[in-house]
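Q: Here it is, the structure in full.
The values are calculated or read from the model by the stated rules, or taken from the named source; none is laboratory data. Only a predicted model underlies this, so the values are computations on that prediction, with no experimental measurement involved. When we count neighbours, we look across all protein chains shown, and the Cβ atoms used for this are built from the backbone with ideal geometry, even at glycine.
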């Protein structure tokens, strides 16, 4: 009899263990190093504290911007092996999965968490397709920052430029006083860095409406005066750019002692701090233009036929919470999309300014072209090649012709109708 009782207890324990183990959250994301890794690790820890019965199965895929993860997911989803949730940028990147029929809407969570009242309108538009929401935003980055070397600026008595005309004049002054320096550094081994610089030029020269129309194929690129003007300004910057930019990544470029200025996203602040460069002593940054917030948004999704849909729901609801978003963004160098997070809680002035501007009705929020937040992802690879090549041979007529052609090849205008349907 005693043995039977022991056997029954063993069976019950084993059954409970199986039930416990059955609740899992298989998650794919690309935050694999530095502050990003610290941030997602913190998020997992907080989730585990709130849901101790759910075991997270992380699947980090190396590759900033998610290009590698997108390839991995394409195979998994096509094979009918979806994870419980995965990371995607908002906009065109997210639309790929929606068009493939791989995602379920998250409208119920959006309503339950009252997200219309805590997220700005443009953010909702970046995850809405065919009238439904398909992603839950977790953090926000701003792409239009100009980082500069404060020591060199102080040595030369320079004032940081606030627009592209001033940037060109500042470059000329630096080159005159210090011919040994290259005023603008880039790292186009990461080809998207050429787009960061051009986007700042385009926004300042032509404004956010032209920017949106350009990247969604609404303009006659070869004949539009604003686009021509933007590339003429871009060409004026070429003589001041470090000529061997193709030999280095963006972080390697910022690691050089002789770097002066770089157009890059706010995520670069995390790298600077992690490498011991002190804010206000070694470097500083300002938004350019300062009346526009060029937005990149990270989201998580609800795949169809996930093994643990309840775990998916718990995760998606959890990442809408202000405390989670705050703790995550402090480590990552991003900001929380939730307007209930106090900007003063961020550790760096860049994050604090981002948070204030993101919720300022006088600041225009514009989706970034980088990594498929606005322009279709299949167009971006060729487009980045064109912009990098322009830096070696700045022929305005040729680049306008090339861009016009690849926009037709990838049918950018029709592929971007989702964006204009929300306006």
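Q: Considering every residue within the stretch 78-94, establish whether at least one is assigned to a helix (DSSP H, G or I) and under 23 Å from residue 325 (Cβ atoms).
A: There is at least one residue in the stretch 78-94 that is assigned to a helix (DSSP H, G or I) and under 23 Å from residue 325 (Cβ atoms).
Q: Can you work out which of the residues in the stretch 148-172 that are touching a helix residue (DSSP H, G or I) at 6+ places or on another chain (Cβ under 6 Å) and not in a loop (DSSP other than H, G, I, E, B) is farthest from residue 339 (Cα to Cα)?
A: That would be 156.
Q: Examine the stretch 291-301 for a residue that is closer than 19 Å to residue 353 by Cβ, modelled with pLDDT of 95 or more and in a loop (DSSP other than H, G, I, E, B), and state whether such a residue exists.
A: yes
Q: Follow-up question, since we're still on this one. Without any contact (Cβ under 8 Å) to a residue 12 or more places away in the chain, part of a helix (DSSP H, G or I) and buried (at least 16 other Cβ atoms within 10 Å of the Cβ): does that describe residue 236?
A: Criteria not met by residue 236.
Q: While we're here: Regarding residue 29, is this residue modelled with pLDDT of 95 or more, closer than 28 Å to residue 269 by Cα and either touching a helix residue (DSSP H, G or I) at 6+ places or on another chain (Cβ under 9 Å) or outside the structural domain of residue 103 (by TED's automatic domain parsing) (or both)?
A: Values: modelled with pLDDT of 95 or more: yes; closer than 28 Å to residue 269 by Cα: yes; either touching a helix residue (DSSP H, G or I) at 6+ places or on another chain (Cβ under 9 Å) or outside the structural domain of residue 103 (by TED's automatic domain parsing) (or both): yes.
Considered against the rule, which asks whether it is modelled with pLDDT of 95 or more, closer than 28 Å to residue 269 by Cα and either touching a helix residue (DSSP H, G or I) at 6+ places or on another chain (Cβ under 9 Å) or outside the structural domain of residue 103 (by TED's automatic domain parsing) (or both), residue 29 comes out as yes.
Q: Which of the following residues is buried (at least 22 other Cβ atoms within 10 Å of the Cβ) and within 16 Å of residue 403 (Cβ to Cβ): 224, 266, 204, 199?
A: Criteria check complete, one pass: 199.
Q: Among the residues of the stretch 191-226, which ones are modelled with pLDDT under 95 and in a helix (DSSP H, G or I)?
A: 192, 193, listed by residue number.
Q: Quick check on my filter: what residues within the stretch 403-417 are surrounded by 20 or more Cβ atoms within 10 Å (Cβ to Cβ) and either touching a strand residue (DSSP E or B) at 6+ places or on another chain (Cβ under 8 Å) or assigned to a helix (DSSP H, G or I) (or both)?
A: 403, 407, 412, 415
Q: So which residues in the stretch 357-373 are modelled with pLDDT of 90 or more and not in a strand (DSSP E or B), if there are any at all?
A: Passing the criteria: 357, 358, 359, 360, 361, 362, 363, 368, 369.
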